[in-house]
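K.L.:
Shown below is the structure under consideration.
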Amino acid sequence: MHVNIAAYKFVTLDNLEEMRPQYQALCNELGLKGTVLLSPEGINMFVSGPREQIDQYLAWVRSDARLADLEWKESLSNEQSHKRMLVKIKKEIITMRMPLIKPELGRAPSVDPKTLKRWLDQGHDDEGVPVVMMETRNAFEVDVGTFENTLDYRIDKFTEFPEVAAQHKDELAGKTVVTFCTGGIRCEKAAIHMKNIGYERVYQLEGGILKYFEDVGGEHYQGDCFVFDYRTALNPKLEPTETTQCFACRAVVTPRQQLAPEYVPGVSCPHCAGGRQTETATQEAPAGVSQGS
């Protein structure tokens with residue numbers, strides 16, 4: 001059994017060229033696989049391996065005073081969730097191209113999963129204001145599963161979110177908006193941007209969908225959660241599902257679609273066989289479970 005961890009933290013890192021080989025060497029030594037993204041704005045990681053090695057790795061990471069309070073989410077699988085180990089340096093740990101957004105300097109308000117479930121149970125927040133869920137993920141991820149009655153603006157990449165949020169601000173006046181994503185990283189930036197452009201009541205879901213599954217299960221959520229590794233999707237019990245991705249076009253292929261004659265593992269699926277190329281799931285770094293991660 002392997003432990004799969006997802007973690008991120010927005011914090012100033014100014015020695016990236018020194019950090020990169022250290023992370024790569026330790027992960028190789030411990031036999032870990034996954035992706036670690038380092039940037040001037042922080043760290044974002046998906047790493048998989050046996051419990052003992054994962055614990056050693058996390059202890060080492062948190063020995064850096066800047067990352068001493070790093071938190072992570074866990075899931076289990078029979079195999080390692082990634083096939084290789086990559087440590088990369090990027091301009092942002094999640095690309096938004098909004099340089100004035102600096103989560104390290106102050107976060108937007110957050111709501112924990114148990115409180116959010118209570119709000120959704122009652123249909124409003126603790127002040128009686130209607131609650132609206134807002135997607136920050138890409139359309140192909142949303143199609144695997146999302147919260148009930150969520151706002152899904154069908155974005156193809158996260159850099160489109162700021163414009164979409166601005167376009168719909170007026171119609172969401174008087175409502176409490178909760179942004180969410182896989183692991184928390186995208187909705188953290190999204191909520192800050194929304195506060196900056198005048199949204200009065202906006203929260204980020206602490207820890208994203210995966211933390212919601214961990215704390216309260218799948219209530220108010222329909223389907224599974226897309227993840228950026230070989231498992232493709234996790235159910236509310238944080239177990240891998242039968243959903244997969246097409247090797248040819250990278251489209252998400254459900255178990256029902258796998259029954260179609262167009263689905264030939266490693267060759268084609270109903271999406272690309274019909275001529276429709278789907279946005280590749282590898283266009284963005286992993287989150288927070290590095291999509292916030």
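The values are calculated or read from the model by the stated rules, or taken from the named source; none is laboratory data. On a predicted model such as this, the values are computed, not experimentally measured, just so you know. Cβ coordinates were reconstructed from backbone atoms using ideal geometry, including for glycine residues, and neighbour counts include every protein chain displayed. The protein model used for the area step is the full one, side chains on, heavy atoms only, and it has no ligands, DNA or RNA in it. Shrake-Rupley method; radii C 1.70, N 1.55, O 1.52, S 1.80 Å.
K.L.:
Is segment 186-193 home to any residue that is aliphatic (A, V, I, L, M), open to solvent by 10 Å² or more (accessible area, probe 1.4 Å), over 13 Å from the mean Cα position of the chain (by Cα) and within 18 Å of Phe228 (Cβ to Cβ)? Explain how you work it out, then say what you get.
P.N.:
To start, the set of residues in segment 186-193 that are aliphatic (A, V, I, L, M) comprises 190-192.
This time we only want the ones that are open to solvent by 10 Å² or more (accessible area, probe 1.4 Å), so: 192.
Going one step further and asking which of them are over 13 Å from the mean Cα position of the chain (by Cα), we end up with 192.
Next cut, within 18 Å of Phe228 (Cβ to Cβ) only: none.
Scanning segment 186-193, I find no residue that is aliphatic (A, V, I, L, M), open to solvent by 10 Å² or more (accessible area, probe 1.4 Å), over 13 Å from the mean Cα position of the chain (by Cα) and within 18 Å of Phe228 (Cβ to Cβ), so the answer is no.
K.L.:
Sticking with this one: Select, from Asp152, Asp143, Asp125, Asp121, the only residue that is modelled with pLDDT of 95 or more and open to solvent by 60 Å² or more (accessible area, probe 1.4 Å).
P.N.:
Details: Asp152 fails: open to solvent by 60 Å² or more (accessible area, probe 1.4 Å); Asp143 fails: modelled with pLDDT of 95 or more; Asp125 fails: open to solvent by 60 Å² or more (accessible area, probe 1.4 Å).
Asp121 is the lone residue from the list that is modelled with pLDDT of 95 or more and open to solvent by 60 Å² or more (accessible area, probe 1.4 Å).
K.L.:
Here's a follow-up. Among the residues that make up segment 52-59, is at least one of them touching a Leu at 6+ places or on another chain (Cβ under 9 Å), open to solvent by 40 Å² or more (accessible area, probe 1.4 Å), among the aromatic types (Phe, Trp, Tyr) and closer than 25 Å to Arg231 by Cα?
P.N.:
no
K.L.:
Working only within segment 8-44, note down all residues that are at negative phi, open to solvent by less than 10 Å² (accessible area, probe 1.4 Å) and touching a helix residue (DSSP H, G or I) at 6+ places or on another chain (Cβ under 8 Å).
P.N.:
Selection gives Leu13, Cys27, Leu32, Val36, Leu38, Ser39, Ile43, Asn44.
K.L.:
Got a number for residues in segment 85-101 being in contact with a Ser or Thr (Cβ under 9 Å, 6 or more places away or on another chain), part of a loop (DSSP other than H, G, I, E, B) and open to solvent by 60 Å² or more (accessible area, probe 1.4 Å)?
P.N.:
We begin by selecting, within segment 85-101, every residue in contact with a Ser or Thr (Cβ under 9 Å, 6 or more places away or on another chain); these are 85-98.
Subset that is part of a loop (DSSP other than H, G, I, E, B): 90-98.
With open to solvent by 60 Å² or more (accessible area, probe 1.4 Å) added as a condition, the list becomes 90-91, 97-98.
Of the residues in segment 85-101, 4 are in contact with a Ser or Thr (Cβ under 9 Å, 6 or more places away or on another chain), part of a loop (DSSP other than H, G, I, E, B) and open to solvent by 60 Å² or more (accessible area, probe 1.4 Å).
K.L.:
Looking only at segment 19-77, which residues are among the aliphatic types (A, V, I, L, M), within 21 Å of Glu214 (Cβ to Cβ) and assigned to a helix (DSSP H, G or I)?
P.N.:
Answer for segment 19-77, where residues must be among the aliphatic types (A, V, I, L, M), within 21 Å of Glu214 (Cβ to Cβ) and assigned to a helix (DSSP H, G or I): Ile54, Leu58, Val61.
K.L.:
If Val131 meets every condition in (1) in a helix (DSSP H, G or I); (2) crowded, with 18+ Cβ neighbours inside 10 Å; (3) among the β-branched types (Val, Ile, Thr) apart from one, which number is that one?
P.N.:
(1)
K.L.:
Can you list residue pairs whose Cβ atoms sit under 7 Å apart, with the first residue in segment 11-32 being within 16 Å of Phe46 (Cα to Cα) and the second being in a helix (DSSP H, G or I) and open to solvent by 70 Å² or more (accessible area, probe 1.4 Å)? Count only pairs 6 or more apart in sequence or on different chains.
P.N.:
From residues that are within 16 Å of Phe46 (Cα to Cα), the pairs are Leu26/Trp60; Leu30/Gln56.
K.L.:
How many residues are over 18 Å from Leu70 (Cα atoms) and in a helix (DSSP H, G or I) if we restrict to segment 1-18?
P.N.:
Of the residues in segment 1-18, 2 are over 18 Å from Leu70 (Cα atoms) and in a helix (DSSP H, G or I).
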